[in-house]
Amino acid sequence: MSDFDTIVKGGTVATASDTFQSDIAIRDGRVVALGHDIGSADQVIDATGMMVLPGGIDAHCHIEQESSTLIMTADDYYSGSVSAAFGGNTTIIPFAAQHKGQNLRDVVKLAHDRAGPKSVIDYAFHLIVSDPTENVLGQELPALIMEGYSSFKVYMTYEMLKIDDRQMLDVLSVARKYGAMTMVHAENNDVINWLSERLLNGGYVAPKFHAVSHNSIAESEASRRAIDLARLVDAKLLIVHVSAPEAAQAILNARNQGLPIYGETCPQYLFLTAEDLDRNGMEGAKFCCSPPPRDQAGQEAIWLGLTNGTFQVISSDHAPYRYDETGKFNAGPNPTFKKIANGIPGIETRMPLLFSEGVGKGRLSINEFVALTSTNAAKIYGLHPRKGTIAVGSDADLAIWDPTWKRTISETMLHDNMDYTPYEGMEVTGWPRTVISQGRVVVMDEKLQVERGSGEFLERQPIDPDTSIPTDNSPLSPKHNFGADLL
Ligand code: URP
Ligand code: ZN
Ligand code: ZN
């Protein structure tokens, strides 16, 4: 009888803090030993020449979810999770989205019904709170936080999802009191509508005007306001999908004051620009997402934010709407920029793009890469140390990465249910060869190795307001404006 189920042998292990040569022994889905000559195993995976990394955690993706205008994503939990796995992920955190009038319990049940039979890797849910009624704030949200749904997203834009500042204070206060992370889509809805109206009235309807209407001031103003609202009630806040340099600066300023403010950005803001929205005909629709990609200088500012303490997390914001009438052109064949479905795919390309351009080109260390794509999300969203690291006792979630594998991205090689990738033709070096989730080989030899529904739902810990998640940039402690009893 063997000592272990599996040994991953001969690789270079990298975590958010260390890089070292080690074999990894796995039993019952967990890492049980690290070192050399550690024993025998039923299965030995040769990782010579490979980097062995914690499996990626994509902490912001829209899978089998209706948009604000009720358009269903092209990916369900099967294609979405398979695509995630082929891109090196072992955990996804999509959304259980409340639309106005729905109660949160029904929303959570629906998300479970959709994910349970299909997901091939582990998953948790963030809630989307669009209707913070008395019952939601007083009953449902506190109970759900205690049951492991310890993060939720709110919107400052999108007519059907947005909440006002007063409602945001209500939601932040509940998060503060019960231990949850509030994520915010920060764009000023009135600014966007004001600009959109003028553009449309002037006949400026092409996809590129989406980026004009979602001016970076709409993003930076809303980001600063959201930070101030969080400050007022001493709540943690994570600003998602940041693309505007001024918004990034606002996050950095807050963190330098010791405030518990966190930032997330996405590959689209590192690899695309607003010029992509100006491609031939309606092609620009493929790049319409909110907030939009900015200019070259903006891209550089976002790259800088990955290493100067602004951003802790890089997620895909995978929001797959096909380039057809089921997705981008749901409103008709030649929609104005205002009617194009918002969102772009990227769950499979997130880690390879960042590895290639970040680690490969010397902009990020391998440890920073691991922190940004896995460890920090695990810490921020209550999954660490079970997830996000390679350590004795942690889940054996591994991406065995070939740092020399050269690939040209094309939609045909990806496993999502999309008909385009915004990164078509880009050349990358580095891609995972083998992906292991809780000790199960999910991807090997470019093939899926597991059954649908074999992923597990992850109940998360409430986020204690006093636990240390990626350290704030300043030694100053957060300012407490109110005692918790007032919230
Ligand atoms: O354009 C985007 N990002 N669509 C997805 C929904 C969201 O707001 O994240
Ligand atoms: Zn958003
Ligand atoms: Zn999103």
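Side notes on the structure shown:
- Both radii are taken from the alpha-carbon atoms of the stretch 58-131; with Rh as the Kirkwood radius, Rg/Rh is 0.96.
- Rounded to the nearest 5, the antiparallel percentage of DSSP beta bridges internal to the chain is 45%.
- Taking all protein chains together, 278, 234 sort by accessible area into 278, 234, largest first [probe 1.4 Å].
- Separation of alpha-carbon centers, the stretch 95-120 and the stretch 409-441, rounded to whole Å: 26 Å
- Structural descriptor for the chain: relative contact order 22 percent, calculated from alpha carbon pairs under 8 angstrom and at least 6 residues apart.
- Span from the the stretch 231-303 Cα centroid across to the the stretch 158-205 one, whole angstrom: 15 Å
- Summing +1 for each Lys or Arg and -1 for each Asp or Glu among the other residues whose beta-carbon sits under 12 angstrom from that of residue 56 gives -2.
- Phi to ³J(HN,Hα) by Karplus 6.51 cos²θ - 1.76 cosθ + 1.60 over the stretch 390-405, Hz, x for Gly, Pro: 10, 8, 4, x, 7, 4, 7, 10, 10, 10, 8, 9, 8, x, 10, 6
- Summed over the residues of the stretch 56-377 and divided among them, the accessible surface reaches 31 Å² per residue at a probe radius of 1.4 Å.
- The reciprocal of the average 1/r between distinct C-alpha atoms defines the Kirkwood hydrodynamic radius, which for the stretch 2-87 equals 15.3 Å.
- Summed residue charge, Cβ within 14 Å of residue 161's Cβ, Lys/Arg positive, Asp/Glu negative: -2
- Principal axis box of the stretch 182-335, alpha-carbon based, largest edge first, Å: 49, 28, 28
- Heavy-atom accessible area with a 1.4 Å probe sorts 373, 429, largest first, into 429, 373.
- Working note: Debye formula, equal point scatterers on the alpha-carbon atoms of the chain, no solvent; log10 I(q)/I(0) at q = 0.06, 0.11 Å⁻¹ is -0.24, -0.86.
- Heavy-atom accessible area order for 361, 177, largest first, 1.4 Å probe: 361, 177
- FRET efficiency, 1/(1 + (r/R0)^6) with R0 25 Å, evaluated for residue 278 and residue 413 via beta carbons: 0.40
- Here the alpha carbons of the stretch 275-349 define both size measures, Rg and Dmax, at 14.2, 43 Å.
- For the stretch 58-75, 3J(HN,Hα) per residue [Karplus equation, 6.51 cos²θ - 1.76 cosθ + 1.60, θ = phi - 60°, Hz, x = Gly/Pro]: 8, 8, 7, 8, 10, 10, 6, 9, 7, 6, 4, 9, 6, 8, 7, 4, 5, 8
- Ranked by the mean number of other Cβ atoms within 10 Å of their residues, highest first, the peptides 339-350, 11-22 come out as 339-350, 11-22.
- Surface share of carbon and sulfur [accessible, 1.4 angstrom probe, percent] for the stretch 56-377: 50 percent
- Cross-link pairs beyond the 22 Å C-alpha cut-off, checked among 100/177; 177/379; 9/361; 100/286; 118/379: 100/177; 9/361; 100/286; 118/379
- Between amide H atoms placed 1.01 Å from N, distances below 5 Å from residue 41 occur with 3, 4, all of them 5 or more places distant or on a separate chain.
- The residues packed around residue 273, meaning those with a beta-carbon under 15 Å from its beta-carbon, carry a net charge of -3 if Lys and Arg are +1 and Asp and Glu are -1.
The values are calculated or read from the model by the stated rules, or taken from the named source; none is laboratory data. Since we're looking at a predicted model, the values are computed, not measured. All Cβ positions, glycine included, derive from the backbone under ideal geometry; neighbour counts span all protein chains shown. Just the protein is used for accessible areas: all its heavy atoms, side chains included, with ligands, DNA and RNA removed. Shrake-Rupley method; radii C 1.70, N 1.55, O 1.52, S 1.80 Å.
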